[in-house]
Amino acid sequence: MTGRTIAMGRVAAVLLAGLLAGAMPGAALAQDALIRLEARRGPEAAAAAQGWAERFDDVVTLALPGGWTGIALGPLDAAGAEARLRQLRAAGQVPADSFVSVPPAGTALTPVGDGGGALRPAMDTAGAPDVAPPAPPAPSGFLRLESFAERAEAEAALTRTREEFPEAGLWALPDGWFAVALGPVSDAAGQAWLPVLSRADLIPDDAMLVDAADLGQALDAGQAPGLSDPDGPQPLPPLDEVQRALRWAGHYAGEIDGTDGPMTRAAIQAQIAQGRASTDPGTALRLLIEHRSAWQAEMGLQSLPDRPTGLTVTAPMQALQFDRAERALSIYGPRDGSGAAMILFSQPGGQQELLDLAGLVTALGWVPAPERSIRRGHVTLRGTNDVHIGAAEGWVRDGRAEGFVLIWPASDPATQTRILAEISDSLTRHAPGVNEAAPAPAAAVPGSATPTPDAPASDAPLMP
């Protein structure tokens, strides 16, 4: 390490000892929590909320920024919400991307159902309820995944299958064998999803679509998996937006370059297979981008212009508060016992200074036992222990080594993945850092404007 970095590390170690002691315990917020199911815009929000109210007694809606309406279960205490979400996910009763959140204080929750303004039947002009159209025939198709001669083998396979498909069931076939099956689904949905799930190695290659009558007796019927009928093809959103959404969902680890490559295509297929919103890539990615937007509003993400480092980043300020700054570091500790912390860093230098900062992050235990990825101008660190997940990312850009460290409770890895993607996507420079000596001004290019400390953040791409 350089002498400057070593000195900075000594000061930082002393300053941050107390901070990290408070940040590590992943204590939940004391406010009531919600199990967020989905978000809708416009009139369709009321209909979707009413649909959920037919299945659960404690459905509520809440207003979100941008005209969105959140649909949730609750309110519940935080521990109870996490436990209930695990049970509902295991039973396949809520979307796989449902999450627990704590709305800001003062958020109005509107109950949906008999006591909370449930939708009334549609009325015609004479004041009588409209006659409902005939109900479509109930789906009777099943995806037969595996068959076994022995019931014990079939039950063991059912247990394995339910790790991915909690809705799966067990059937005694007419020929005396036993089958693990997933359904009921419509014929159209079964034909559409069978190759998608097979290509993703989520079901065996020889799985087939059969009618319920061919399965024999249900020993454990399971539940309908909610696989939708195929949608008409829709255009794919811009690839850079797609890549950002896929990284937020945990499927993509490549550069945000807007290029259609094998990593991007594989991530799209992973989202379709695991998100199970639609088999059409355009529809599935549009829904993912909308879900990300609603989640950003729910989490209260804010653009944070950090004066000590001169960096701007989108961060979950409901969980963070400024603590202190020292030389190249700007330190944000946990707010209200959130268990989160964030450190921004920036100093003049190149690859060696970036590696020095990575060594400092490791030495101070911010990223425990990290896995490292190092290439020219870019470093990432990832590590976890029983208490917290640590992640760091740094770049060499415009003659500076800069980046961030995120500390998040180990009990909430899904949110950590999403927050990490938001910070990584948004980190830019808006001004020189105030905690360092101002560098000598560079010679101006004729005809160019001279940037000022109050200038807006650059729109340059994230990746160098």
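The values are calculated or read from the model by the stated rules, or taken from the named source; none is laboratory data. This one's a predicted model, so the numbers in the text were calculated from it and none came from an experiment. Cβ placement follows ideal geometry from the backbone for every residue including glycine, while neighbour counts extend to all protein chains displayed.
Limited to region 314-343, what total is found for residues that are touching a residue at least 60 places away in the same chain (Cβ under 8 Å), assigned to a loop (DSSP other than H, G, I, E, B) and among the basic types (Lys, Arg)?
Residues flagged as touching a residue at least 60 places away in the same chain (Cβ under 8 Å), assigned to a loop (DSSP other than H, G, I, E, B) and among the basic types (Lys, Arg) within region 314-343 amount to 1.
Is there a residue being over 22 Å from the mean Cα position of the chain (by Cα), assigned to a strand (DSSP E or B) and farther than 23 Å from MET317 by Cα anywhere in region 351-365?
Scanning region 351-365 turns up no residue that is over 22 Å from the mean Cα position of the chain (by Cα), assigned to a strand (DSSP E or B) and farther than 23 Å from MET317 by Cα.
Looking only at region 403-418, count how many residues are at pLDDT 95 or above and either part of a helix (DSSP H, G or I) or not assigned by TED's automatic domain parsing to the domain that holds VAL367 (or both).
Of the residues in that region, 0 qualify.
Over 15 Å from THR428 (Cα atoms), more than 18 Å from the chain's Cα centre (by Cα) and part of a strand (DSSP E or B), is that true of GLY394?
Answer is no for this residue.
Answer yes or no: is there a residue in region 289-306 that is crowded, with 23+ Cβ neighbours inside 10 Å, under 29 Å from ARG397 (Cβ atoms) and touching a Gly at 6+ places or on another chain (Cβ under 8 Å).
no
Among the residues of region 76-99, count how many are within 23 Å of ILE272 (Cβ to Cβ) and charged (D, E, K, R).
Selection size over region 76-99: 2.
Might you check whether a residue that is outside any loop (DSSP other than H, G, I, E, B) and at pLDDT 85 or above occurs anywhere in region 24-33?
Yes, region 24-33 has at least one match.
Is region 260-280 home to any residue that is of a type outside the set (Val, Ile, Thr), at pLDDT 90 or above, over 26 Å from PRO195 (Cβ atoms) and surrounded by fewer than 21 Cβ atoms within 10 Å (Cβ to Cβ)?
Within region 260-280 (the criterion being of a type outside the set (Val, Ile, Thr), at pLDDT 90 or above, over 26 Å from PRO195 (Cβ atoms) and surrounded by fewer than 21 Cβ atoms within 10 Å (Cβ to Cβ)), the answer is no, since none of the residues qualifies.
Every residue in region 344-370 that is hydrophobic (A, V, I, L, M, F, W, C) and touching a residue at least 40 places away in the same chain (Cβ under 8 Å), please. So that I can check it myself, show each step before the final result.
Filtering region 344-370 down to residues hydrophobic (A, V, I, L, M, F, W, C) leaves 344-345, 354-355, 357-358, 360-361, 363-364, 366-367, 369.
Hits for region 344-370 are LEU344, PHE345, LEU354, LEU357, LEU360, VAL361, ALA363, LEU364, TRP366.
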